[in-house]
Amino acid sequence: MKSMTLYVERNSLIHHIDPLTKLLYVFVSIAATYIIPDLRAAIITTFISILLLLIGKVFRKILPILGVSFFLILSIIIVQGLFHPNRSTPLVEIGGFTIYKEGISYACLLVLRIFNMLCAFGLLILTTEPDELIDSLVKKGMSRKIGYVFLSVLQIIPQMRATMGKIIDAQRSRGMETEGHILVRLKSFFPLIGPVVLNSLNDTKERAIALEVRGFNAKGKKTHFKKARKYSYSRSLKCILLVAFILIIVGRLTI
């Protein structure tokens, strides 16, 4: 049975890093692009995230997600290029519309922030088992209910994808055309929305009932099914990330 997660099993250095360390990296890398609103800092941070994806052997898996954000990125470039409040230096004129250098520069910063955010979260999700991540957070004191919500969010995309695959097969067996040109696909897409949403809600309800039966809300001391996995250099990597975060703040204050 196919796993209902986005996790990609690989034998890489990134896969053997503590989930909390990777979560800390996500925070530091995203915060760095906002604390230092400079294009060079955003380029360096994005490059590091992409490099880590390559080391983790999951860079190809992030490409579809980056592709989906293409229209968002294009709209940012157009809007900022045309209507940036500090526009003063014309860069190019297209069809009577002037695109300004200041707008493009700021748009590039926003685009890099988005790219870095997607790559950082992709690094965490694609190289970390959701159960292991949530279990680590719960052991650090996070509520089990909140952990269940996070775990459900991580599983909802692959779960809906698997459900849609089953419904498409069922619709094909009934003679519905699901392949062909774009109009045929659009026509077959809308009848799938209802069953997919209803099945997802039903699965959520059944999972909640199963948890209640197993004493999810029972009071008393809880035990963990899995033993805590030991990671090498976990403390050292966290210290490096914290030092880097402090240096970023200091650098921002001294600029």
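The values are calculated or read from the model by the stated rules, or taken from the named source; none is laboratory data. Just so it is clear, the model here is predicted, and its values are computed rather than measured. As a convention, Cβ positions derive from the backbone with ideal geometry for all residues, glycine included, and neighbour counts pool all protein chains shown. With ligands, DNA and RNA removed, areas are computed over all heavy atoms of the protein, side chains included. Shrake-Rupley method; radii C 1.70, N 1.55, O 1.52, S 1.80 Å.
Given charges of +1 on the Cβ of Lys and Arg and -1 on the Cβ of Asp and Glu, with all other atoms neutral, how large is the dipole of the range 1-71 about its Cα centre, in debye to the nearest 20? Could you put the intermediate results ahead of the total?
Working: 7 positive and 3 negative charges, 54 e Å.
It works out to roughly 260 debye.
Give the cross-link partners of Lys230 among the aspartates and glutamates, using a straight C-alpha distance below 20 Å as the criterion and excluding same-chain residues fewer than 8 apart. The reachable aspartates and glutamates, counting only those whose Cα sits under 20 Å from Lys230, are Glu9, Asp18, Glu129, Asp131, Glu132, Asp135. Comparing Gly147, Ile76, Leu52 along the charge dipole axis of the chain, the residue lying farthest to the positive side is Gly147, per the Cβ-charge model.
Say R0 is 45 Å: what FRET efficiency, to the nearest 0.05, do Ile73 and Glu9 get from their beta-carbon distance? Before the final figure, lay out the partial values.
Values: r = 30 Å, r/R0 = 0.67.
Given R0 = 45 Å and the Cβ-Cβ separation, E is 0.90.
What residue among Pro130, Pro37, Pro19 shows peak mean-square fluctuation when the chain is described by a Gaussian network model with Cα springs under 10 Å? Most flexible of the set in this elastic network: Pro37. Length gained on full extension, Arg235 to Leu247, computed as 0.36 nm times the residue gap minus the Cα-Cα distance: 2.5 nm. Of the trypsin sites (Lys or Arg not before Pro) found in the range 117-151, those that fall in a DSSP loop while having at most 10 other beta-carbon atoms within 10 Å are Lys140. What number do you get for the range 1-145 when its Cα radius of gyration is normalised by 2.2 N^0.38 Å, N = residues? For the range 1-145, the normalised Cα radius of gyration comes out at 1.27. The label-point distance for Ala31 and Leu91, in a model that sets each label 7 Å from Cα toward Cβ, rounds to 3.1 nm.
Here the accessible area is traced with a 1.4 Å probe on the protein chains. For the chain, carbon and sulfur cover 67 percent of it. Accessible area per residue for the range 18-148 is 54 Å², calculated with a 1.4 Å probe on protein heavy atoms, without ligands, DNA or RNA.
Candidates Val111, Pro19, Asn199 compared by Cα position along the dipole of the chain: farthest toward the positive end lies Pro19, with charges placed on Cβ.
Work out the length of the dipole vector of the chain about its Cα centre, built from +1 on the beta-carbon of each Lys and Arg and -1 on the beta-carbon of each Asp and Glu, and round it to the nearest 20 debye.
Its charge dipole is roughly 1040 debye.
Any idea of Leu242's accessible area? Nearest 10 Å², probe 1.4 Å. Roll a 1.4 Å probe over it and Leu242 shows about 90 Å².
This structure gives Cα Rg over 2.2 N^0.38 Å, computed directly, and of (i) 1.40; (ii) 1.25; (iii) 1.15 that value is listed as (ii).
Label sites at Glu129 and Ile55, each approximated as a point 7 angstrom past Cα along Cα to Cβ, lie 2.3 nm apart. Given R0 = 30 Å, the distance between the Cβ atoms of Ile193 and Ile65 translates into a calculated FRET efficiency of 0.90.
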